[in-house]
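The values are calculated or read from the model by the stated rules, or taken from the named source; none is laboratory data. Keep in mind the model is a prediction, meaning the values are calculated, not measured. Using ideal geometry, Cβ is built from the backbone for each residue, glycine included, and neighbour counts are taken over all protein chains shown.
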Amino acid sequence: MTEHSGPTDNESADAKNPATDRLKVITQWRPWEPSEPAPHVLDSIDAHGAPPEDHGPAPVAPPAESAHIGLEHFTDPGRRRLRAVARAIFFNGIVDRTIRRRVQRKPGAEVLTGACVVVANHSSHLDAPLIMSSLPVNLRQNVATGVAADYFFTTWYKKLFTQLVFNAFPIDRKGTGENRGLSRKLLSAGIPVLVFPEGTRSKDGKMREFKVGAAALASSIGVPVLPVALIGAHEAMPRDTSWPRRGRPPVVVAIGEPLVAREHESTVGFNDRIQATVRELYREYRPLIEQ
């Protein structure tokens, strides 16, 4: 066999190919190797009155093809079976191999069935898969996730992936999209929905003020809100990163008791109570991250 004294033309081309560089990084990754020390997990997600974060220009209008999604996308038995397979592959095959998860559920969450609005603090791309796969079985099979139409529904492959794995429905963050009533239709059909009332991921892990939409939606239809606190997700995969930190960082998913709007309670008051509950769940279960 003849040995080569230098790179061939194909090898030189590969060396300059960005796709080849990315493949080398992936093939050299060793999840079992020790990682650099993980950052300290926030003791509290209370932003202490900090102003809303600047997330740049206002989102562009969602593409036309993101609209006109009907209930059949969420209720069809064939889609449900396909979704179950995709979720098993993605959640169990990828997510649980990159982080160490601990789930805590209050008793009321365990027996909750049917329509509800699941809300949580939001600071990582891990948030939705962690919540969806940590819900009680009677909720996780059908839960649909509200996602930003201007981010996840801009290309066919993003739309296909989010609909297949996350049972996603588009939310126009400008509030003018053609799917504005879809979340109401889903809840009326008995389908739980997951929304992030902050509207976008936090850059520093601190929870900003919830928009009142989720509280208003649950109150108007008469369904409970299921509060969730994510502890360590921001440190495991901060905003503007494409992969969790090496070394399987710990994450706690704390699911609280369902909340129902009280008689004569204002939407703002209900929203404040939901936010306070998420903060309290974070404080209560934060010590578990060290165990």
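The numbered conditions (1) surrounded by fewer than 19 Cβ atoms within 10 Å (Cβ to Cβ); (2) under 18 Å from the mean Cα position of the chain (by Cα) are all true for Gly247 except (2). Is segment 91-107 home to any residue that is of a type in the set (Phe, Trp, Tyr), crowded, with 21+ Cβ neighbours inside 10 Å and not in a strand (DSSP E or B)? No: zero hits. In segment 256-263 there is at least one residue that is under 29 Å from Thr113 (Cβ atoms) and either part of a helix (DSSP H, G or I) or among the small types (Gly, Ala, Ser) (or both). Candidates Leu130, Leu135: the one that is buried (at least 21 other Cβ atoms within 10 Å of the Cβ), within 15 Å of the chain's Cα centre (by Cα) and either without any contact (Cβ under 8 Å) to a residue 12 or more places away in the chain or in a helix (DSSP H, G or I) (or both) is Leu130.
Specify which of the listed residues (Val195, Val278, Val268) is modelled with pLDDT of 95 or more and closer than 30 Å to Arg80 by Cβ. When all the criteria are applied, what remains is Val278. Of the numbered criteria (1) surrounded by fewer than 20 Cβ atoms within 10 Å (Cβ to Cβ); (2) touching a Gly at 6+ places or on another chain (Cβ under 9 Å); (3) within 30 Å of Ser44 (Cα to Cα), the one Gly190 fails is (3).
When segment 250-278 is filtered for residues that are in contact with a strand residue (DSSP E or B) (Cβ under 6 Å, 6 or more places away or on another chain), in contact (Cβ under 8 Å) with a residue 60 or more places away in the chain and either within 15 Å of Gly108 (Cβ to Cβ) or surrounded by fewer than 21 Cβ atoms within 10 Å (Cβ to Cβ) (or both), the ones remaining, listed by number, are Pro250, Ala254, Ile255, Gly256, Pro258, Ile274. When Val117 is tested against (1) modelled with pLDDT under 95; (2) under 30 Å from Arg248 (Cα atoms); (3) among the β-branched types (Val, Ile, Thr), just one condition goes unmet, and that condition is (1).
Working carefully through the options Ile231, Ile171, find the one that is under 21 Å from Glu257 (Cα atoms) and of a type in the set (Val, Ile, Thr).
Ile231
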